[in-house]
Each structure stands twice: as C-alpha cells, then as structure tokens.
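Here is the structure we will look at.
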Amino acid sequence: MLWFKKKEKVNKEAEVKPEAVSAPADTGSNTSGNGVSDNKASDNKTSDNAASGNETAGSYATANNTQHNDTLHNDAFGNAASDNAASSDGDSGKVAPFAMGMEASVDSATEGQDYTKEDATVAGNDVPVKTGFFAKLKQGLKRTRDNFVYNLDVVFKGAEEIDDAFYDDLEEILITGDIGVQTTEEILDRLKEQVSKRRIVRPDECRELLVSTIEELMHVNENEYIFEKETSVIFVIGVNGVGKTTSIGKLASQFKNDGKRVIIAAADTFRAAAGDQLKVWADRAGCELISGKEGADPSSVLFDAVAAAKARRADILLVDTAGRLNNKKNLMNELSKMNKIIDKNYPEAHRENFIVLDATTGQNALQQALAFNEVSDLTGIILTKMDGTAKGGIAVAIQSGLHVPVKYIGVGEKIEDLQKFDEKAYVKALFEREKDETDNA
C-alpha cells in the first residue's frame, strides 16, 4: 500500500531534517519548568494561555509535569492541552508568565516584539524582521504541510489510476490529518462527483479538485460580520487555556481601532485573576472594563455592563463567560440567566456567541465545540494557536462538522495576529508548498 511507503519516507526525512532556530527565550521565567513540551524543549515555548502547563481546572497531571508529544489532550469537559510543539499565539519563543495558575497575560517584556521562527533564521539580522499575517500563517502550517499535505501529494503523484485504492489512501490521510470522518466523507463524495463529471483519469489532476472542495467547505459569508455594523453583544466562551482572555483583548483593541466604542464585561467570576487579566487588556486597548468581586454572580456583572453599555452608547459589549463544561447543567442555567438579562434589558442588541478553540488540540477542539453548542447557540469560532500546529486541518473539520463559521484565527502574540478568517488564504497557506518542500515529495 502507498500509505506505508509514504510513512516510511516521512520518517526518513524527519531523521535528517534540521531543527528550526528558535527566537530568543526568556530563560529567567522558566525556572519552574511550567508548560514546557518535552519534545520541543529547546524552544522553551508555551502557548498563550498556558494550554500545556499551569492553567488547570482538573485537566491533567500536575502543573509542573512536562507533556509528551500530543497525547495529553483532555476530553471535551476539561482544559485544552497543547500538542508536541507549543505555539506562540500568546508567547512567541518566550516562556509566558503565569498568574495564580491561570491564563498568562502578555509579558511586558515581549510587548511590541514580533518574533517568529522564520525571523530568527534570517542571517545577519540582529533585530528580527516583521512578518506579515499570511507569512506567519503559512509558516505556522508548515508542520501540517510536512505531514498531512506531503502524504496527500505522495498519493496524487504515486497512484497509477483513480480507483478504490486511490480513494482509500486519500480517506486514511484526511482522517488522520484531523479532518474527521464525517467531513472526509463529504469531501470525497464531492471529489468523486467532480471526477466523474469532468471525466478525469489521472490521479495528479485530482489535487486541485480537492483543494477547491476544501475551500468551498470553508467559505465564510460577509454577512457573518454584520455585528460590526450594529449595536452588538458578543459572548465569548471557552475552556481554560485556549486563549479566551487574550482573544477578547485583541478583539477589543481591533474594534476600538476601527472607531468602535467597546465595553468589556468580566463575567467569568469563577476563575481566579480573570478580572485582573482582562483589566490589563482593557487598559491596553483603551476600553472600559466592568467587573465584580471574585466569585460574584456573573449575571450581576452582566447587568451592570449592559447598563454601562446603554449609558455610554457602546457599539460592542464583549462578555467573558465561564468555560466550565464539567457541569453542563450549571453552565446552561448560567448562560440562560445571562441571556434573559440581555433579552429584558438590551433587546435591541445584535447577539453573537463565539467559542475560542485551541487548534493544537485537534479533534478535542471539535468535541469541545460540540459540547458547548449543546448549551449555547454558537455563531462563530475563534481558532487560536495556528502558528505551529501539526493539526491545521482541524479548521476544516470544525466548520464543516459544526456548521458554524470560523470567523477569526490567531497566529501569534500581537494584537494584529488575530485576524478575520479568509478561506482562500488559509487553503493557500495549507497547500502551497515551497520548492524545497516539493523537491522531497
């Protein structure tokens, strides 16, 4: 079978592939060893919200344990664990600070810097060169291309004919590439239909058909961002460690820069230091923060925030909500109570429910989204930590399997590293291989 041949080839390449040069690491902040992935220990990286280390709510092992490969992904009711290469969505090449075991806020020492692996390898540059969003996305998806896309290309180039064995190989690669069973079946059904319709006989001609099929599945309509033009309330949901707080901060800053009046409600009152962390982002974005005491009723915080939003004529109210799925009933009751406050006191506001997911957790991210969708009507997905994951195909599985659009993706620590999702740019970054990559295919 082609599958075993190409796996062998990938393994051989891995043996001789040089390690990427990491950006300067803040070794002083890593004395405890928190959140370091052991098979990428040379990078000293952690994900932006301590996905691989300190932020646990009964998620896994102990805070100081190192993580092996990508096996410690928790179930949908726990916290997100990073894969074998922690991304730099919250801390690129530097160890993130930890506050009371919660999501790490942006280190002031790294603020304004834009380090990437690609920057660090530029010879002769003492100061890293700034990298654009697409370049970061493409660099971030390199590990996905090296595995998932590489194996697809082996099949497209190595198969002699389009037969059942050809489709079986594609199916296996798509499923193991975190596309998911249901989405894989849909992709292959569409591919077979186009092959028959166009009377294609050469396997290599199927590559572009596959790419265009995935692009169609990932399409996001422009009206999905209508909330930007209306008075809106955006609930942001997500388990600890996925980048929820930093995503709220980045969105607030971007909306403010677009001329919007933004208020942030710190309604996740059950997580220690959540309000303090949001305050850092609110101050940085120049937005007002409405918060309560730790352990206070989230609905009371929301009630005050709604009153403030109406009094200040805010354009957007961003609400940080608790991400506890270990008790669905309590979470459902809590969200229901908060929704009633909006219905009664702010009925004119447009409503959005965003879920923040960690791309490095693969299929676990999809399971989280499915579970949250049972207690909240999700309208959009924020996919973080796309800058270094081998599971970049999960975006396809989530959007297709959940029928909820990916609206934003994050590829780094800076505010501008969270951008609206562009399916054409994503598919191009996923499938467009450099010459040195294609030479080995």
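Descriptive notes on the structure:
- Dipole magnitude of segment 302-441 about its Cα centre (Cβ charges: Lys, Arg +1; Asp, Glu -1), debye to nearest 20: 680
- Its Cα gyration tensor gives segment 343-384 an equivalent ellipsoid. The semi-axes, each the square root of 5 times an eigenvalue, are 26, 11, 5 Å from largest down.
- Solvent-accessible area of LYS329 with every protein chain in place, 1.4 Å probe, in Å² to the nearest 10: 140
- The largest accessible area among PHE166, PHE270, PHE133 belongs to the first residue in PHE270, PHE133, PHE166, and the rest follow in falling order (1.4 Å probe, all chains).
- Between LYS260 and HIS403, the contour length at 0.36 nm per residue exceeds the Cα-Cα span by 48.6 nm.
- Simple label model, 7 Å out from Cα along Cβ direction - GLU374 to ASN223, nm: 3.1
- Shape summary: segment 296-441 maps onto an equivalent ellipsoid whose semi-axes, from the alpha-carbon gyration tensor, are 35, 18, 12 Å in decreasing order.
- Restricting the calculation to Cα atoms, every distinct pair contributes to the Kirkwood radius of segment 286-341, found to be 12.3 Å.
- Here, P(r) means the percent of Cα pairs in each 5 Å bin from 0 to the largest distance; for segment 314-396 it is 3, 13, 22, 21, 17, 13, 8, 3, 1.
- GLU294, GLU416, ranked by accessible area, largest first (probe 1.4 Å): GLU294, GLU416
- Each residue was assigned an accessible area with a 1.4 Å probe, and for ASP164 the value is about 120 Å².
- Quarter the surface of the alpha carbon convex hull of segment 395-434 and you get the mean projected area, 3.4 square nanometres.
- Placing pseudo-labels 7 Å out from each Cα toward the beta carbon at ASP304 and ARG351 gives an inter-label distance of 2.4 nm.
- Taken along the Cα-to-beta-carbon direction at a fixed 7 Å, the label points for ARG199 and GLU171 span 2.8 nm.
The values are calculated or read from the model by the stated rules, or taken from the named source; none is laboratory data. Please read these numbers as outputs of a predicted model, since none were measured by experiment. We place every Cβ from the backbone using ideal geometry, glycine too, and count neighbours over all the protein chains shown. To get the accessible areas, we keep the full protein, side chains included, count just its heavy atoms, and leave off ligands, DNA and RNA. Shrake-Rupley method; radii C 1.70, N 1.55, O 1.52, S 1.80 Å.
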